[in-house]
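In what follows, a single structure is set out as structure tokens and then discussed.
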Amino acid sequence: MSRSVEVRMADVRRLLECASIVFAGRAGIAPAIAAASGLTAEGVELGFASLEREVSDADLRAFVAAAGDAERVHVVLSANVFVAPLRAMAFARAAAGRVTVRPSPRDPALTRALVRAAVAAGDDALTLVDERDVSSIETGEVHVYGRDATIAALRARVHPHVVVRGHGSGMGLAIVSPGAQMAAAADALALDIVAFDQRGCLSPRVAIVVGPTPRAEAFAEALHASLCVLGTRIPRGRLFADERADACRWRETLAFAGRLWEAGDHAVAFAPEGSPLPIAPVGRHVTVVPVASRDAVVAALAPVARFVVAVGTDDLGGLEGMTPAHARRSLLGAMQRPPLDGPVDRRSA
Amino acid sequence: MVLAFQRGVAMPESFDALAVDLARFQVKTVPGYARLCAARSVDPARLVRAGDAPAVPTDAFKLSRVFAFDAADAAVTFRTSGTTLGARGMHLMRDVGTYDAAALAFGRAMLAGGLPAPVPVVVIGPSAEEAPDSSLVHMCTLFARALAPGSLDQPRCFVRGGSLDLDGLRARLASLAPAAPAVVLATSFALVHLLDALGGERLSMPAGSRVMQTGGFKGRSREVAADELRHDVALAFGVPERSVVAEYGMTELSSQFWEATLVDERARHGVYVAPPWARVVAVDPETLAPVPDGAIGIARIEDLANVDSAFAVLTEDRSRIVTGGFELLGRSPGAPPRGCSIALDEMLSSAEGPP
């Protein structure tokens, strides 16, 4: 290892301090983020709450260990929620003494601000690049964030000895235990759904309610009420035309197959027991599914398990053996704030 | 309506009147349709036009019961070929009589019109025994039985166990009487496999023979542009390109749509024609309102032969109404991700990719 663990940890901590500086001045970049992401100003402010600024020693050690060691890392950012570049840059910085970052062309504001802050703080290891021809990279690693197809295309273009670490897209889901307090669980889950207007890979798009069907239906109604309240405080931003089309199709399908609670900026659907998990589209849409037992949860998750990045629940102990091993687990309401102990997506290559 | 079409006489009732009757029947007998109408504040008693009734998305066939009878009374269950995250769409029928009559009447007119009976049928696909839940295989078998009733002892299906039986196909084609034009029924991907296997070899078909191609590639073969496939198929079978016609059907429907190049000299490839008992409307994917002719929407299909399921079906296929029919422009791709949340389409394509 060319740099000690302590040096790597210090480099990451310095970057988090830069994040704190950017956070303090977030008003300056919030409009650009809102314009690019479609989030409302309130949605951007909520999103900033997920920007990592602190980390425990134990988590940071795990983070540095997960990052490994590379001569250089080239970070290529594309589809991500707007706070994600920080963890991506920190991961690369933990791995290497030299890091180049190509921001998302669509939403570069936070990346640029972080690099500016890092340079101002005396860390010249981070360099911003506007374009990145990966075929010209001959050493080190490429960390690419985006669709699986994007990652595959990039992988095909790099030199054979350049390591590509791909961080693809995924989804979150919620599991509501038989002992859950309905209103509290619904309020907490609503927070996870509203963050980033559900465009993150941690965002829950299905809620499995373990227990009898009427209980799940009651939870769907409670979740609708929670989203109504939260929506007045943090209005949904704009959805793009194709997102609205996806939402329309999902609403029509679930209005037929189950039951639908709709409001101006969200919808909750109830799907009948035994149906395959109908994954809701992004934009504050969620499908509530009753599942009778733990075994049935495992069976229901099987077809989508490889896409699941995060699971939120009211009963962490009860998840054992029920969810994919790679999935992050957290309490409802905390799904969007995973500890800085590795990549957000633990499936990452 | 099918009889009227076959006899060439006026339809006994208007399309809208029949559609409204069906909508009311399906509201009473299909609980999901009643829920959908209620969610959209549609009062079946006040319906006047087919377009006023909501369409059932094809996804609903994967999640829910879309039939107007007890499941135990189903005579046949057709299933979609792709599995969407573990689910296949199902279309149950308690009586295939309506399906068969509609499919045969329009198919015969669009594919076999003017050919002397009997018309030998060659299917480059599996048999009904191998694929009992495929509506396409059912239709091909139906055509074979109806067009060449005396030749059922002849082998007619040339995909067995998932493999093309090229030698069997060559032998069957060689056995055809030169004066008896035949029809070939095939999926697009089976035709690609055939062309690859032929490697430029030309097959011999009786003069006047015709070829039906249907469906997409679904990851089962390399993808070939429609024009190129048609050209190569025409060469391989020794028929004019206008004798290679595309058919568009879906498991969720009871009617099919055809290119009209065999029956209308003005018709062009890529434009599909509906039978009188079906209608395709391009609708806005966000509002589901019809878009103007020439504009791209998604295909809402009103199929009066879907008596016991859903007379109006919302597909995922992009379409455009043009002079003489409608064009198909591929499946709607869905929303690309604008965060790291996985897109529905990405999930589905990952789940449905080739094994």
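The values are calculated or read from the model by the stated rules, or taken from the named source; none is laboratory data. What you are looking at is a predicted structure, and each value in this text was computed from that prediction instead of being measured. Neighbour counts are summed over all protein chains in view; Cβ atoms, including those assigned to glycine, are modelled from backbone coordinates with ideal geometry.
Out of A:Ser169, A:Ser136, I need the residue that is of a type outside the set (Lys, Arg), surrounded by fewer than 24 Cβ atoms within 10 Å (Cβ to Cβ) and either at pLDDT 90 or above or on the phi < 0 side of the Ramachandran plot (or both). Which one?
The match here is A:Ser136.
Determine whether the range A:253-266 contains at least one residue that is under 22 Å from the mean Cα position of the chain (by Cα) and not aromatic (Phe, Trp, Tyr).
Yes, the range A:253-266 contains at least one residue that is under 22 Å from the mean Cα position of the chain (by Cα) and not aromatic (Phe, Trp, Tyr).
Does the range A:273-301 hold any residues that are in contact (Cβ under 8 Å) with a residue 40 or more places away in the chain, part of a loop (DSSP other than H, G, I, E, B) and either of a type in the set (Ser, Thr, Tyr) or surrounded by fewer than 20 Cβ atoms within 10 Å (Cβ to Cβ) (or both), and which are they?
Residues satisfying the conditions are A:Glu273, A:Ala292, A:Ser293.
Out of (1) in a helix (DSSP H, G or I); (2) modelled with pLDDT under 95; (3) more than 14 Å from chain A (Cβ to nearest Cβ), the odd one out for B:Lys28 is which?
Result: B:Lys28 fails condition (2) only.
Out of the range A:281-301, which residues are within 12 Å of another protein chain (Cβ to nearest Cβ) and either polar (S, T, N, Q) or touching a Gly at 6+ places or on another chain (Cβ under 6 Å) (or both)?
Answer for the range A:281-301, where residues must be within 12 Å of another protein chain (Cβ to nearest Cβ) and either polar (S, T, N, Q) or touching a Gly at 6+ places or on another chain (Cβ under 6 Å) (or both): just A:Thr287.
Would you check which residues across the range B:224-250 are within 28 Å of B:Ala299 (Cα to Cα), touching a residue at least 12 places away in the same chain (Cβ under 8 Å) and part of a loop (DSSP other than H, G, I, E, B) and list them? Can you show your working first?
Just the residues of the range B:224-250 that are within 28 Å of B:Ala299 (Cα to Cα), to begin with: B:224-231, B:233, B:241-250.
Okay, now just the ones that are also touching a residue at least 12 places away in the same chain (Cβ under 8 Å), so B:224, B:226-227, B:229-230, B:233, B:241-250.
Scanning the range B:224-250 gives B:Val224, B:Gly249, B:Met250.
Of the residues B:Ala180, B:Ala146, B:Ala197, which is small (Gly, Ala, Ser) and assigned to a loop (DSSP other than H, G, I, E, B)? It would help to see each step written out before you state the result.
Numbers: B:Ala146 fails: assigned to a loop (DSSP other than H, G, I, E, B); B:Ala197 fails: assigned to a loop (DSSP other than H, G, I, E, B).
Answer to the check: B:Ala180.
How many residues does the range A:252-272 hold that are surrounded by fewer than 21 Cβ atoms within 10 Å (Cβ to Cβ), farther than 17 Å from A:Ala174 by Cβ and in contact with a strand residue (DSSP E or B) (Cβ under 9 Å, 6 or more places away or on another chain)?
Result for the range A:252-272: 3.
Considering A:Val304, A:Val309, which residue is within 9 Å of another protein chain (Cβ to nearest Cβ), closer than 27 Å to A:Phe240 by Cα, in a strand (DSSP E or B) and touching a residue at least 12 places away in the same chain (Cβ under 8 Å)?
A:Val309
Can you find even one residue in the range A:194-209 that is in contact with a Pro (Cβ under 7 Å, 6 or more places away or on another chain), in a helix (DSSP H, G or I) and either farther than 13 Å from A:Gly283 by Cα or within 14 Å of another protein chain (Cβ to nearest Cβ) (or both)?
No, every residue in the range A:194-209 fails to be in contact with a Pro (Cβ under 7 Å, 6 or more places away or on another chain), in a helix (DSSP H, G or I) and either farther than 13 Å from A:Gly283 by Cα or within 14 Å of another protein chain (Cβ to nearest Cβ) (or both).
Restrict the check to the range A:258-269 and report whether at least one residue is more than 8 Å from chain B (Cβ to nearest Cβ), in contact (Cβ under 8 Å) with a residue 60 or more places away in the chain and over 25 Å from B:Tyr33 (Cα atoms).
No: the range A:258-269 contains no residue that is more than 8 Å from chain B (Cβ to nearest Cβ), in contact (Cβ under 8 Å) with a residue 60 or more places away in the chain and over 25 Å from B:Tyr33 (Cα atoms).
Can you tell me which residues in the range B:31-46 are in a loop (DSSP other than H, G, I, E, B) and either within 22 Å of B:Pro285 (Cα to Cα) or at pLDDT below 95 (or both)?
B:Arg40, B:Ser41, B:Val42, listed by residue number.
Take the conditions touching an Asp or Glu at 6+ places or on another chain (Cβ under 6 Å) and farther than 19 Å from B:Ser255 by Cα and apply them to B:Arg24. Does it pass?
So B:Arg24 fails the test.
Go through A:Ala225, A:Ala245, A:Ala255, A:Ala220 for me and flag whichever is closer than 23 Å to A:Arg329 by Cβ and either part of a helix (DSSP H, G or I) or away from chain B (no Cβ under 13 Å) (or both). Working first, answer last.
Details: A:Ala225 fails: closer than 23 Å to A:Arg329 by Cβ; A:Ala245 fails: closer than 23 Å to A:Arg329 by Cβ; A:Ala255 fails: closer than 23 Å to A:Arg329 by Cβ.
Within the list A:Ala225, A:Ala245, A:Ala255, A:Ala220, the selection yields A:Ala220.
The rows are residues; the columns are (1) assigned to a loop (DSSP other than H, G, I, E, B); (2) modelled with pLDDT under 95; (3) within 30 Å of B:Ala103 (Cα to Cα).
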{"site": "B:Ala310", "(1), (2), (3)": "yes, no, yes"}
{"site": "B:Leu314", "(1), (2), (3)": "no, no, yes"}
{"site": "B:Pro333", "(1), (2), (3)": "yes, yes, yes"}
{"site": "B:Pro336", "(1), (2), (3)": "yes, yes, no"}
{"site": "B:Ala351", "(1), (2), (3)": "no, yes, no"}
{"site": "B:Pro355", "(1), (2), (3)": "yes, yes, no"}
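Sort out which residues of the range B:65-107 are aromatic (Phe, Trp, Tyr) and in a loop (DSSP other than H, G, I, E, B), and write them in order of number.
Across the range B:65-107, the qualifying residues are B:Phe67, B:Phe69.
Collect the residues in the range B:62-77 that are under 15 Å from B:Asp303 (Cβ atoms) and within 9 Å of chain A (Cβ to nearest Cβ), keeping them in residue-number order.
The one that is under 15 Å from B:Asp303 (Cβ atoms) and within 9 Å of chain A (Cβ to nearest Cβ): B:Val66.
Please pick out the residue among B:Asp21, B:Asp52, B:Asp59 that is more than 14 Å from every other protein chain (Cβ to nearest Cβ) and either closer than 26 Å to A:Ala247 by Cβ or modelled with pLDDT under 95 (or both).
B:Asp52
(1) closer than 30 Å to B:Pro132 by Cβ; (2) among the charged types (D, E, K, R); (3) outside any helix (DSSP H, G or I): which one isn't true of B:Lys62, the others all being true?
With (1) closer than 30 Å to B:Pro132 by Cβ; (2) among the charged types (D, E, K, R); (3) outside any helix (DSSP H, G or I) applied to B:Lys62, the lone miss is (3).
Return yes when B:Ala34 is among the small types (Gly, Ala, Ser), within 14 Å of chain A (Cβ to nearest Cβ), touching a residue at least 24 places away in the same chain (Cβ under 8 Å) and surrounded by 15 or more Cβ atoms within 10 Å (Cβ to Cβ) and no when it is not.
No.
Restricting to the range A:1-60, give me the number of residues that are surrounded by fewer than 20 Cβ atoms within 10 Å (Cβ to Cβ), over 28 Å from A:Gly97 (Cβ atoms) and of a type in the set (S, T, N, Q).
Selection size over the range A:1-60: 1.
Of everything in the range A:231-242 that's in a helix (DSSP H, G or I) and either facing another protein chain (nearest Cβ under 8 Å) or in contact with a Ser or Thr (Cβ under 8 Å, 6 or more places away or on another chain) (or both), which residue is surrounded by the fewest Cβ atoms within 10 Å (Cβ to Cβ)?
Here the answer is A:Ala241.
Yes/no per residue for (1) within 13 Å of chain A (Cβ to nearest Cβ); (2) within 27 Å of B:Ala74 (Cα to Cα); (3) surrounded by 23 or more Cβ atoms within 10 Å (Cβ to Cβ); (4) β-branched (Val, Ile, Thr):
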| position | (1), (2), (3), (4) |
| --- | --- |
| B:His269 | no, no, no, no |
| B:Trp277 | no, yes, yes, no |
| B:Val281 | no, no, no, yes |
| B:Leu288 | yes, no, no, no |
| B:Pro292 | no, no, no, no |
| B:Ile296 | yes, no, no, yes |
| B:Leu304 | no, yes, yes, no |
| B:Asp308 | no, yes, yes, no |
| B:Glu316 | yes, yes, no, no |
